[in-house]
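**Student:** First the structure, which I've put down as structure tokens, then a few questions once you've had a look.
Read-outs: derived from the displayed coordinates by stated rules, not from any lab. All values derive from a computational prediction rather than experimental measurement. In this analysis, Cβ positions are derived from the backbone assuming ideal geometry, glycine residues included, and neighbour counts consider all displayed protein chains.
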Amino acid sequence: MSMAFIDLQAQRRRLNGAIEAAVMAAVEGGAWVMGPQVRQFEEELAAFGQAKHALGCANGTDALILPLIAWGVRTGDAVFVPSFTFTATAEIVPWLGATPIFVDVDADTYNMDPQKLEAAIEAVKAEGKLTPRVVIAVDLFGQPADYPAIKAICDRHGLKLISDSAQGFGCTIGGEHPIKWADVTTTSFFPAKPLGCYGDGGAVLTDDEDLAQEMDSLRVHGKVVAKDMKAGAAEFAHDPKYLAMRIGMNSRLDTIQAAVLIEKLRVFPDEIAARMRIAARYNDLLAPHVTAVPRLPARNVSNWAQYTVEHENRDGLAAHLKAQGVPTAVYYPVPMHMQPAYARFPQGAGGLPVTERLKDVVISLPMHADLDEATQDRVVAAIASFAG
Ligand SMILES: *Cc1c(COP(=O)(O)O)cnc(C)c1O
């Protein structure tokens, strides 16, 4: 029987027709753009994520650029990002003319190393060419970044903080979601993410009412929002509907996708619990056979977007597992600071030795909420049978 890396069809079967019914209801409802399901989902998402406001948008990349536009990030500004992440985290920074500064990660959690972050900020300040503005911390593979430490650094240096929870949405530290520390949490509903839809989608969450309105306007061509009306926007036209108050974009979450997400969010807490159990079982069974299993600080909950181990002969193991019918993936073989398009941007003080080691030893194994023990045992047996 062939094995899935992420089995989304098993999830669909488990939901037993609920998604199909929700999609058809959205089709029949006819409000295909910004229909009532979008508002409903935003309210439920905000409640789940412990934020005052949540806004859907077209994808997780747009979710990252919305707050940067709102804050006026531009040429001459520095935005601190990890290099060990998916392209999108850094991609939106040069879009605005700003400069991404690549910061190394912690060897245990693979998330931004707070000490390296502070050193990078201080180096940029000392050089005096760029203005430090924003830190984007990533909840890599589902594990929350060290927000208490990163937030303290942001406060000391007057920087905004974004939690890129495209992978980690739903993760917590001592029961608190990243928005407790971050100005904005962003997420992606790309199908393979832990909370995914059936296409592209994303969201921003924030407690800041003014920023929420700003991003609401930006995602729909700079439309008029309540604060603009208060400031007298209606004087520009008898119908404020077609006023552009700021230079925005078209980045909405489709009604059909919101309908899918309403169903998936209902079961998401149970799925996170299942993923925690599956990961703990993997850790127990795999520890003797690999260089390192994932390390999750005791008060953290990860959604296990990826279950990633280290092996000194990673490529050999990957080939062996492929021959055994076990799908794997490498995230990320080429970190951002080594990518052709990004190599010209600055690196934090001391370079990125941890990232450069991880890229050669990490390997991600099948992981999803429907992974049963028999399948997991096949993965473990295949790894245990690798000689080299
Ligand atoms: C997937 C991902 C994104 C981008 O999300 P899209 O919806 O694909 O645009 C951003 N950051 C990280 C860390 C991701 O994994």
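**Student:** Here's a check for you: in region 191-212, which residue that is in contact with a His (Cβ under 9 Å, 6 or more places away or on another chain) and not hydrophobic (A, V, I, L, M, F, W, C) is farthest from Leu68 (Cα to Cα)?
**Tutor:** Pro194
**Student:** Give me a count of the residues in region 153-181 that are surrounded by fewer than 21 Cβ atoms within 10 Å (Cβ to Cβ) and of a type in the set (Ser, Thr, Tyr).
**Tutor:** The number of residues fulfilling the criteria is 1.
**Student:** Step by step: first the residues of region 76-100, then only those that are more than 10 Å from the ligand (Cβ to nearest atom) and of a type in the set (Ser, Thr, Tyr), then the one that is nearest to the chain's Cα centre (by Cα). Which residue is that?
**Tutor:** Per the criteria, the residue is Ser83.
**Student:** State yes or no: is Gly325 closer than 27 Å to Ala384 by Cβ and over 20 Å from the mean Cα position of the chain (by Cα)?
**Tutor:** Here the answer is yes, as Gly325 does meet what is asked.
**Student:** Does region 195-202 contain at least one residue that is within 14 Å of the ligand (Cβ to nearest atom) and outside any loop (DSSP other than H, G, I, E, B)? Before the answer, list the steps.
**Tutor:** Just the residues of region 195-202 that are within 14 Å of the ligand (Cβ to nearest atom), to begin with: 195-202.
Still in the list and also outside any loop (DSSP other than H, G, I, E, B): 202.
Yes, region 195-202 contains a residue that is within 14 Å of the ligand (Cβ to nearest atom) and outside any loop (DSSP other than H, G, I, E, B).
**Student:** Sticking with this one: Among helices (runs of 4 or more DSSP H) lying entirely in region 270-388, which contain 1 or more residues that are in contact (Cβ under 8 Å) with a residue 24 or more places away in the chain and within 22 Å of Gln115 (Cβ to Cβ)?
**Tutor:** Passing ranges, in order: 353-361.
**Student:** Taking Asp210 as meeting all but one of (1) part of a strand (DSSP E or B); (2) free of Cβ contacts under 8 Å to residues at least 60 places away in the same chain, write down the number of the exception.
**Tutor:** The single condition Asp210 does not satisfy is (1).
**Student:** I've got another one for you. Report yes if some residue within region 117-128 is crowded, with 24+ Cβ neighbours inside 10 Å and under 22 Å from the mean Cα position of the chain (by Cα); otherwise report no.
**Tutor:** Within region 117-128, one or more residues are crowded, with 24+ Cβ neighbours inside 10 Å and under 22 Å from the mean Cα position of the chain (by Cα).
**Student:** Out of the residues in region 142-194 that are farther than 17 Å from Ile6 by Cβ and of a type in the set (Phe, Trp, Tyr), state the one that is farthest from the ligand (Cβ to nearest atom).
**Tutor:** Trp181
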